[in-house]
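Just so it is clear, none of the values below were taken in a lab; they were calculated from the coordinates. What you are looking at is a predicted structure, and each value in this text was computed from that prediction instead of being measured. Cβ coordinates were reconstructed from backbone atoms using ideal geometry, including for glycine residues, and neighbour counts include every protein chain displayed.
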Amino acid sequence: MGIFDFVSSAGRKITGDAATVLAENLHGLDLPTDDVEVSFHDGKAVLSGKVPDRETAEKLVLALGNHEGVGQVEETLEVADDSGPATTWVTVQKGDTLSGISLRIYGVYHLYNMIFGANQPLIQDADEIFPGMVLRIPPGPNSVPHTVKKGETLSKIAKWWTGDASFYKAIFEANRDQLDDPNKIEIGQVLKIPCKQPAQPIA
């Protein structure tokens with residue numbers, strides 16, 4: 001439960017009565033909304049009723065907040081199972097892509113599919129994001145595997161994952177259990193690529 005702020009000038013346009021449109025859009029999602037009600041007044045949407053889990057509650061809040069004209073969403077839902085993992089929320093900036101957000105949050109480009117999956121069915125295409133949109137960011141892994149291919153070096157692997165060839169030092173340190181020299185890696189070797197965790201889950 002809580003009150004969440006959004007960029008009211010950004011989002012899906014509302015044509016017609018705002019309360020009716022918001023409710024229709026919410027119930028049109030592939031989410032359990034039979035016991036959910038929406039009200040709207042003076043830029044603030046109120047979400048009440050019952051949902052099965054925290055993930056559904058978060059997605060419904062974002063579904064409302066990512067509408068033009070909605071500056072706040074008050075969530076008063078009764079959540080049957082509140083044990084799901086805490087997520088971080090980020091506001092999309094101008095020029096952002098899911099892979100760029102992945103790099104900023106997790107330290108590597110190629111976890112964008114985690115972000116995409118965490119925001120379905122709110123987005124159906126990775127290109128649907130826009131400045132001011134708020135996205136759910138799930139906890140990430142401590143590392144991801146990379147199988148060494150012919151012609152690769154630690155620097156090339158570092159550049160592919162992060163855009164920064166000097167990240168090879170961090171990859172080397174994360175794999176000291178199997179590497180003695182950063183210049184000696186073998187085809188087929190599975191290396192750990194270290195990742196960051198999202199900075200601060202929402203309350």
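Projecting label points 7 angstrom from Cα along Cα→Cβ for Gln124 and Ser166 puts them 4.4 nm apart.
The slack in the chain from Lys196 to Ser9, taken as 0.36 nm per residue of separation less the alpha-carbon distance, amounts to 64.2 nm. Each Cα pair under 8 Å and six or more residues apart adds its separation to the average, and for the chain the resulting relative contact order is 20 percent. Among beta bridges identified by DSSP and lying wholly in the range 2-81, the antiparallel ones come to about 55 percent.
Please label the shape of the range 2-81 as rounded, prolate or oblate, based on the square roots a ≥ b ≥ c of the eigenvalues of the alpha-carbon gyration tensor (a/c under 1.5 means rounded; beyond that, a/b larger than b/c means prolate, else oblate).
Working: a/c = 1.85, a/b = 1.50, b/c = 1.23.
Prolate shape, in that a/c is at least 1.5 and a/b is the bigger ratio.
Model label sites at Thr147 and Ser39, defined 7 Å from Cα along the beta-carbon direction, differ in position by 5.7 nm. Evaluated over the chain, the count of Lys pairs having alpha-carbon atoms less than 16 Å apart is 16 (only pairs 8 or more residues apart or interchain). Of (1) 43, 43, 31; (2) 59, 35, 31; (3) 64, 34, 25, which is the value of Cα extents along the principal axes in Å derived from the coordinates here? The value computed from this structure is option (3).
Bridges between two residues of the chain, per DSSP, are antiparallel at a rate of about 70%.
Rounded is the label for the range 88-137. Its Cα gyration tensor axes, ordered a ≥ b ≥ c, give a/c under 1.5.
Annotation for the range 142-203: trypsin sites (Lys or Arg not before Pro) lying in DSSP loop with at most 14 further Cβ atoms inside 10 Å of their Cβ are Lys149, Lys150, Arg176, Lys184, Lys196. Averaging the sequence gap over all C-alpha pairs within less than 8 Å and six or more residues apart, then dividing by the number of residues, gives the range 2-81 a relative contact order of 43 percent.
Full extension from His110 to Thr76: what is 0.36 nm times the residue separation minus their Cα-Cα distance, to one decimal in nm?
Numbers: separation 34, 0.36 × 34 = 12.24 nm, distance 3.53 nm.
Taking His110 through Thr76 to full extension adds about 8.7 nm, to one decimal.
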